[in-house]
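Visitor: Mind having a look at this structure? Questions to follow.
Read the figures in this text as sums done on the coordinates, not as results from a lab. Because the structure is predicted, anything quoted here is derived from the model rather than measured. Note that each Cβ is placed from the backbone with ideal geometry, even for glycine, and that neighbours are counted across all protein chains shown.
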Amino acid sequence: MGVAVFAALSDGTGIAPANPGQKALRALRKAQRALARKTRGSANRRKAVRRIARIQMRVANARKDFLHKHSTIIAKTHGVVGVEALPVRSLSASATGTVAEPGRRVRQKAGLNRASLAQGWGLFRTLLADKVADRGGRLVEVPAADTSQTCACCGHVDAANRPSQAVFVCGRCGHRANADTNAAINILRRADSALTPVEGHRTKRPDDAGTSRRAAGCGSTDPPPVEGGEDVSCSASGRAG
């Protein structure tokens, strides 16, 4: 999951971001400027506040509609879904810093934070987990570390393997691919490894896990009844490196 590409699948397909907030930004700014000119406590100010609320509600509804549609498509066509466990809170932390140690590129980081939060990664993961579990499948979250810098062919890990945001070129074997697709394949392999049963260890079954979200990623060793036979994972394209 990322900003330039909302989600990249291990089969090479990608989901373009909807960015409903970006499209409504001009109207929102105009409404906010109009609000600033209104007298506090006046009827016109209350109308301006409601106008801003309507714009924000339309953006939120458009985002939810986008997330529901794509999570339903993935849940219907795949029995096991692997996703990276993105730490959204730390990824979207401010770069302002302190008086003693001020941050660098604060405005650029603020723009990236705004774009990251507008994607709705957390809600997408929640919806996907619930829908996959309802269909008898499993959602597996794996660590995201080094997935974008690891070669899907030979396993070589190097930051130089990714010369640009969209291109991956392995410095050892020369494997060349889309960077997001390469990362998605690595995530899928980590998800497969997490599902591999370990001798002498009993993992929780979905019925023991408590909630449907926990059941979706519990790692039961019994193969679930699935409607599709493929695996899919998503990779981040919005992180640096």
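Visitor: For His78, work out the one condition from (1) without any contact (Cβ under 8 Å) to a residue 12 or more places away in the chain; (2) buried (at least 16 other Cβ atoms within 10 Å of the Cβ) it doesn't fulfil.
Guide: (1)
Visitor: Could you list, in sequence order, the residues of the range 39-75 that are surrounded by 16 or more Cβ atoms within 10 Å (Cβ to Cβ) and either aromatic (Phe, Trp, Tyr) or over 30 Å from Ala110 (Cα atoms) (or both)?
Guide: Scanning the range 39-75 gives Phe66, Ile74, Ala75.
Visitor: Looking only at residues that are among the charged types (D, E, K, R) and farther than 25 Å from Ala16 by Cβ in the range 136-161, which one is farthest from the chain's Cα centre (by Cα)?
Guide: Asp158
Visitor: Can you name every residue in the range 12-33 that is free of Cβ contacts under 8 Å to residues at least 24 places away in the same chain and more than 15 Å from Ala53 (Cα to Cα)?
Guide: Answer for the range 12-33, where residues must be free of Cβ contacts under 8 Å to residues at least 24 places away in the same chain and more than 15 Å from Ala53 (Cα to Cα): Thr13, Ala16, Lys23.
Visitor: Which one of Ala159, Ala179 is loosely packed, with under 14 Cβ neighbours inside 10 Å and either within 25 Å of Phe66 (Cα to Cα) or in contact (Cβ under 8 Å) with a residue 60 or more places away in the chain (or both)?
Guide: Result: Ala159 is the single residue among Ala159, Ala179 that is loosely packed, with under 14 Cβ neighbours inside 10 Å and either within 25 Å of Phe66 (Cα to Cα) or in contact (Cβ under 8 Å) with a residue 60 or more places away in the chain (or both).
Visitor: Determine if the range 86-105 includes at least one residue that is of a type in the set (A, V, I, L, M, F, W, C), assigned to a strand (DSSP E or B), within 13 Å of the chain's Cα centre (by Cα) and surrounded by 13 or more Cβ atoms within 10 Å (Cβ to Cβ).
Guide: no
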